[in-house]
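Note sheet for the following structure.
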Amino acid sequence: MDSAEARRRWAERTGAYSPAYYAHHGPNATSETIRERLASLDCDAAILELGCSSGRHLAHLHDHGYENLHGIEINPDALDVITETSPELAAAGTFHVDAIQDAITRFDDGRFDAVFSVETLQHIHPDDAWVFDELRRITDDRLLTAENEGEAADRRGATTDAMNEVDGVPLYYRDWRAVFTDRGFAEIGSEPVKRGTLRVFRPVRD
């Protein structure tokens, strides 16, 4: 499956793994772990979620006082879901209905104090791996990734070559520590979360 087809499937997704699906589940333990890892940031810090879907993780942050919240989501149904389930977040947040590959290039350098993803970057096609370089460019203080890494044997020692398919869309197993330390980040923490590993990175300053 090429990158354009994968994006189309996410943009049109209903049912499992759609915004409505995640709205039903609401914030979870991963939401809380992300909040804990961002606790040292001021409540006016600019925070971006990649692939925010129903906004459940952003809603958890908003409930704990964060106001300068942003999300990128390719599925246009997400806006209606966020408005219905988290009206205060919908009013306070800024949402970009677009593919990450398109939205990310429009942000200024160091635009966000923190950027995070939950089971989103694992769907980035290898042809779009340049997105990871853009994350270094727009992240000022820290990057959090809660992503599936697969077993080491599945990755066969490489960072991008192992693929699985989940309900009709590709999932790429990557060594996320290597992906981002190779792009100018230092890893400052990691811990297991549901269906993956949460890693915290900070840009290395020259």
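Right, D109: over 15 Å from the mean Cα position of the chain (by Cα) and either free of Cβ contacts under 8 Å to residues at least 40 places away in the same chain or over 26 Å from R9 (Cβ atoms) (or both) or not? Yes. Going through (1) under 16 Å from the mean Cα position of the chain (by Cα); (2) surrounded by 15 or more Cβ atoms within 10 Å (Cβ to Cβ) one by one, A29 falls short only on (2). For D108, the conditions (1) under 22 Å from T197 (Cβ atoms); (2) among the acidic types (D, E); (3) surrounded by fewer than 23 Cβ atoms within 10 Å (Cβ to Cβ) are fulfilled apart from (1).
Answer with yes or no whether S3 is buried (at least 18 other Cβ atoms within 10 Å of the Cβ) and farther than 18 Å from T139 by Cα. No, not satisfied. Return a yes/no flag: does the stretch 45-55 have any residue that is free of Cβ contacts under 8 Å to residues at least 40 places away in the same chain and not small (G, A, S). No, because not a single residue in the stretch 45-55 is free of Cβ contacts under 8 Å to residues at least 40 places away in the same chain and not small (G, A, S).
Filter the stretch 137-190 for residues that are modelled with pLDDT under 90 and small (G, A, S); which is farthest from F201 (Cα to Cα)? Here the residue is G168. Might you check whether a residue that is closer than 23 Å to L135 by Cα, at pLDDT below 95, of a type outside the set (S, T, Y) and buried (at least 23 other Cβ atoms within 10 Å of the Cβ) occurs anywhere in the stretch 85-97? Looking through the stretch 85-97, none of the residues is closer than 23 Å to L135 by Cα, at pLDDT below 95, of a type outside the set (S, T, Y) and buried (at least 23 other Cβ atoms within 10 Å of the Cβ). For the stretch 112-154, the candidate set comprises residues that are part of a loop (DSSP other than H, G, I, E, B) and within 19 Å of N75 (Cα to Cα); within that set, the residue that is farthest from the chain's Cα centre (by Cα) is H125. Right, R13: modelled with pLDDT under 95 and closer than 16 Å to L121 by Cα or not? So R13 fails the test.
The values are calculated or read from the model by the stated rules, or taken from the named source; none is laboratory data. Remember, predicted model here, so these are calculated numbers, not experimental data. Here Cβ is always computed from backbone atoms with ideal geometry, including for glycine, and neighbour counts include all displayed protein chains.
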